[in-house]
1. If you scan the stretch B:171-205, which residues turn out to be in a helix (DSSP H, G or I) and of a type in the set (Asp, Glu)?
2. Check A:Leu225 against each of (1) touching a residue at least 40 places away in the same chain (Cβ under 8 Å); (2) within 14 Å of chain B (Cβ to nearest Cβ); (3) farther than 26 Å from A:Thr30 by Cβ and name the one condition it does not meet.
3. Can you name the condition, by its number, that A:Gly312 falls short on among (1) more than 14 Å from chain B (Cβ to nearest Cβ); (2) modelled with pLDDT of 85 or more; (3) surrounded by fewer than 24 Cβ atoms within 10 Å (Cβ to Cβ)?
4. Got a sec? Which of B:Arg153, B:Arg82 is within 14 Å of another protein chain (Cβ to nearest Cβ) and either in a strand (DSSP E or B) or within 19 Å of the chain's Cα centre (by Cα) (or both)?
5. Restricting the search to the stretch B:69-98, which residues are at pLDDT below 80 and crowded, with 20+ Cβ neighbours inside 10 Å?
6. Cβ-Cβ below 6 Å, separation at least six or inter-chain, first residue in the stretch B:91-120 and more than 10 Å from chain A (Cβ to nearest Cβ), second among the basic types (Lys, Arg) and in a helix (DSSP H, G or I): which pairs?
7. I want to confirm something. Restricting to the stretch A:350-387 and keeping residues that are without any contact (Cβ under 8 Å) to a residue 60 or more places away in the chain and hydroxyl-bearing (Ser, Thr, Tyr), which single residue is surrounded by the fewest Cβ atoms within 10 Å (Cβ to Cβ)?
8. If A:Lys119 satisfies all but one of (1) more than 16 Å from A:Ile190 (Cβ to Cβ); (2) at pLDDT 85 or above; (3) surrounded by fewer than 17 Cβ atoms within 10 Å (Cβ to Cβ); (4) not aliphatic (A, V, I, L, M), what's the number of the condition it fails?
Amino acid sequence: MFEFFIAKKHIFQKKKQSLIGILGVTIGITVLIVSLGISNGLDKNMINSILSLGSHISVVDTRVRKSYNALEKEIKSINEIKGIVPKISSQGLLKYKNEYGDYVSGVKIDGFDIEKADKAMDLNKRIVEGKIDLNKKNGIYIGKELYKDMMANIGDKLTLVSSENQEIPLIITGVFESGYYEYDMNMVIIPLKTAQYMLYLDDEVSSLEINLKNPYHAKKVSNILFEKYNLFNRTWGDQNRNLLSALSLEKTVMVVVFSLIILIAAFVIWVIMNMLVREKIKDIGIMRAMGISNKSVMKIFLLEGMMIGLTGIIIGIFMSLGILWILENYTLSGITSIYYISKVPVEISYKEISVIVLLNLIVVFISSVFPAYKAGKLETMEALRHE
Amino acid sequence: MSNILELKNINKTYKGKTENLHILKDLNLEVEEGDFISILGKSGSGKSTLLGIIGLLDNFDSGEIYINNNKIDKFESNNIDRLKNKDLGFVFQFHYLLPEFTALENVMIPCLVQNFSDKKSIENKAKELLKKVGLEERYNHKPSELSGGEKQRVAIARALVNNPKIILADEPTGNLDEETSEDIHNLLKKINKENNQTIIVVTHSKELANITNKQYFVKQGKLILEK
């Protein structure tokens, strides 16, 4: 308590120095938390878009082709599964006549059991124009970007050409928005039966798409499918491995770079504490002459460093949470058009903040412990004679 | 009467780059409780060094120090800190007050080290002492707002706050005008008489030396009793 009494006085007496130290820590911690929050948010946004119309596990085993119905019933018992969608994937050409002429575009054709897809993927929520019609065998659902590009309207007729050169007339029934540009520009969804007809297939599918209650359990379910049911499958993580590892690399590099700012803040504290100890050499001598132990002297200066650091950390946390709140709730014009998102996504966990705070405290402690040790080591007479 | 302080064969050498300076040579001193002693000597004779050694602020090469008949072990730093805090009060030539604290806080600090929770009664005691040295109007003034004499009186009040057995003063009036010096002399005399506290002063001032009971001179590293 006595040490705190002295330390407090020193800090208030040296207002400018203390403020610079606090500012250093505040800036460091704010930059790190805000950038981590935005990066987490962008990552999550990217993953969500990928997952929006993609499935979590894709079962592509050869057994699936013919006997998908039986298999579907078999694996439905796995607890984590939210829904299973039989799917045919293919490539094709889309032909449409608008007022300016012919519009042709290569597309990725996904033939879904629409009813099941609606249940498993919440397809309904992705539809931004038109609506899902389960009875319409000749309905086609196209992405929002493609829809805009084609300058089409709901109810318009278009032709889908299969790889077998089979031309099928379809009617635009709905427009979906996944949030992932690739899907929104290049993907079309048609009913499974239509796809089977178009590709001259009987009751066959190319894969079973599984959606989970929690997409992050994909690995676990994937292992069950392989070990228990002997089904070859790929998780969304496997399918997007490049993208995910790029995201993770980007995040690691960012954290490392911004941690340097915290190191600079620690350096600022180290310099300020050294200055303070130097200025107070005579006072240290006086205190030692009064019988204040060298341990107490050390504690005084350590406390000063920690008080500066802690104040900076607390202000930094409030400031970064404030900035993140503003970013989350107010649209920034420039950024939205680049990233194909409507608001800056933000995501930060208490765990991440705690780790940052803890690391900061350690760094601040290390940078104040050396000057404090130096202060405690001073000989009384030498300190008193210091000019 | 028992000796409150005893020095036996103290040696102290300052090590320089080219030659060593043997400043105290087998120095002996016995001080009884209630003594008022002055130590005189030329500049550089080693009187301040001696006071530093008595006050346990400085190291010495060989010899023994007894305070209250207990031998001081220079490696027992906790014990030394406790003695410095409780049994010894130091008054320096240049007041040496902590600049960021008020007069009152400066007086309180040596007491707060041991017993921080009892702040209120320490404050009352410090106020009483400041009143005694005539500074009841200056409790909340910082050292920079006090005159030289006032600072020195605060320093004396600080030295007294823990009721030390021995008060050590290193040229306490060396920096003050005659009139103020006389005030300080009277104050020291009064403390010595009223509280029976032992006082050892190092001084150049004849006036101060004349009011003490014993006068020692430091000559060639030894103490010589003059009076």
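1. B:Glu178, B:Glu179, B:Glu182, B:Asp183, B:Glu194, listed by residue number.
2. The number of the failed condition is (2).
3. For A:Gly312, the exception is condition (3).
4. On the way: B:Arg153 fails: within 14 Å of another protein chain (Cβ to nearest Cβ).
When all the criteria are applied, what remains is B:Arg82.
5. Listed by number, the list holds a single entry, B:His95.
6. If the second residue must be among the basic types (Lys, Arg) and in a helix (DSSP H, G or I), the pairs left are B:Val107/B:Arg158.
7. It comes out as A:Tyr350.
8. For A:Lys119, the failing item is (2).
The values are calculated or read from the model by the stated rules, or taken from the named source; none is laboratory data. Fair warning: this is a prediction, and the values are worked out from it, not measured in the lab. Backbone-built Cβ (ideal geometry, glycine too); neighbour counts: all protein chains shown.
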